[in-house]
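The values are calculated or read from the model by the stated rules, or taken from the named source; none is laboratory data. Here the structure is a predicted model, which is why all the values come from computation and not from measurement. Here the Cβ positions follow ideal geometry from the backbone for every residue, glycine too, while neighbour counts run over all protein chains shown. Just the protein is used for accessible areas: all its heavy atoms, side chains included, with ligands, DNA and RNA removed. Shrake-Rupley method; radii C 1.70, N 1.55, O 1.52, S 1.80 Å.
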Amino acid sequence: MANYTDRGRYREVNQDSLLALQADFGGEKAVLAVICDGIGGLEMGERASAAVTDAFGRWFQEKLQEVIRQEEFEDALYDSWESLLQEVHREIGEYGRVRKTRLGTTATAMLFWQKEYYIAHVGDCRAYEIEGRIVQLTKDQVQAGLEVWEREGERGRIEKDKGEHVLLQGVGASKILRPTYYSGEMKENAVYLLCTDGFRNRISIEELYHAFAPDKLTDEEDMVQKGKRIAEIVMDRGENDNISILLVKCFL
C-alpha cells in the first residue's frame, strides 16, 4: 500500500483525509483503504473528512472481525457500513447545525478480503482497477457525470465531462444520504487506485494507466514517487484543489 496527499498550491488547508489499514484474521489478510474529500465551498471540510476516516478506522479495529464471522458476509458488511455512514452523517450534520455552519465530505472506502473487493461510495472520489487496462469501478454521484454515464452505457468509459458537475451526495451535507456499494473479484497483480477529484481532474485516463501500470510499480516508495509526480503534473496544469491518492497492489 502507498498514499500521497498534497494541499496543492492554492489552498490554505488540506481538506482530504486518508486511511490505510491491514490486519490478519485467521491467517488471511484484510486491507482497508479510505479516501475522503471535504466538500469545496463548505466550511470545515477537513473536520468532516477526518470524522469519516476515523469512523472507518474504529470499525476496522472493532467490527470487522464480527462481520467476517457472518454467513452472508457481503450483506453483513454493507449493513455494517450503512450504519456507520448514516451515524457519522448525523453526527457531522448535528455538529454543523449547532455551530450554524455547513460542512460535509465525499468518501470512498474499499475493503480487500479473500480475493474480493468491496466498495462503499459517496460523492466523486473514485476507485480504479489497473491491470491490462484501467477501469473506473465507482460512479460519480454528480449530475453531469450521471448523465454522461447513462449515455455511454459502459462502466469506466467516461473519464470526465467538460460541463459543470453538481455534487449530489456528501456525508453530513445531503438531506438524505444514499451511499452506493460495489463488489468484484480482485485480479492477480492488479493495482487499485483511490483518488480525490483534484488528482484526476487534469489528467487523462491514458496518463493514469501508464503511471500506475502494475509492471511499472516496483515497491511502495516507487508508488509514492509516481503519485507525487502526477500531483506535480496536475498542479502545473492549473489544478487548485487538494490532491490525494491511495494505491493498493494485489498479490494473489
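The table that follows gives values for the structure above.
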quantity	calculated
Filter result for ILE134 (open to solvent by 20 Å² or more (accessible area, probe 1.4 Å), in contact with a strand residue (DSSP E or B) (Cβ under 7 Å, 6 or more places away or on another chain) and closer than 23 Å to ASN3 by Cβ)	yes
Residue check, SER49 touching a Ser or Thr at 6+ places or on another chain (Cβ under 7 Å), part of a strand (DSSP E or B) and of a type in the set (S, T, N, Q)	no
Only one of ILE35, ILE68 that is touching a strand residue (DSSP E or B) at 6+ places or on another chain (Cβ under 8 Å), open to solvent by 30 Å² or more (accessible area, probe 1.4 Å), β-branched (Val, Ile, Thr) and at pLDDT 95 or above	ILE68
Which listed residue is more than 21 Å from VAL122 (Cα to Cα) and either out of contact with any helix residue (DSSP H, G or I) (no Cβ under 7 Å at 6 or more places or on another chain) or part of a strand (DSSP E or B) (or both), from GLU74, GLU12, GLU43	GLU12
Qualifying position, being modelled with pLDDT of 90 or more and not hydrophobic (A, V, I, L, M, F, W, C), among LYS160, LYS139	LYS139
Single condition GLY8 does not satisfy, out of (1) at positive phi; (2) open to solvent by 50 Å² or more (accessible area, probe 1.4 Å)	(2)
Boolean, ALA2 is touching an Asp or Glu at 6+ places or on another chain (Cβ under 6 Å) and touching a residue at least 24 places away in the same chain (Cβ under 8 Å)	yes
Test result for SER17, in contact (Cβ under 8 Å) with a residue 60 or more places away in the chain, within 23 Å of LEU167 (Cα to Cα), surrounded by 13 or more Cβ atoms within 10 Å (Cβ to Cβ) and among the hydroxyl-bearing types (Ser, Thr, Tyr)	yes
Among (1) part of a helix (DSSP H, G or I); (2) under 24 Å from VAL191 (Cβ atoms); (3) β-branched (Val, Ile, Thr) - the single one VAL67 does not satisfy	(2)
Residue among GLY57, GLY45, GLY93 that alone is within 23 Å of LEU193 (Cα to Cα) and buried (at least 19 other Cβ atoms within 10 Å of the Cβ)	GLY45
Residue in region 192-204 that is more than 30 Å from LEU42 (Cα to Cα), surrounded by 15 or more Cβ atoms within 10 Å (Cβ to Cβ) and touching a strand residue (DSSP E or B) at 6+ places or on another chain (Cβ under 9 Å) present	no
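Every residue, every condition in (1) out of contact with any Cys (no Cβ under 9 Å at 6 or more places or on another chain); (2) not aliphatic (A, V, I, L, M), yes or no:
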position: PRO179; (1), (2): yes, yes
position: GLU185; (1), (2): yes, yes
position: VAL191; (1), (2): no, no
position: THR196; (1), (2): no, yes
position: ILE203; (1), (2): yes, no
position: HIS210; (1), (2): yes, yes
position: LYS228; (1), (2): yes, yes
position: GLY238; (1), (2): yes, yes
position: VAL248; (1), (2): yes, no
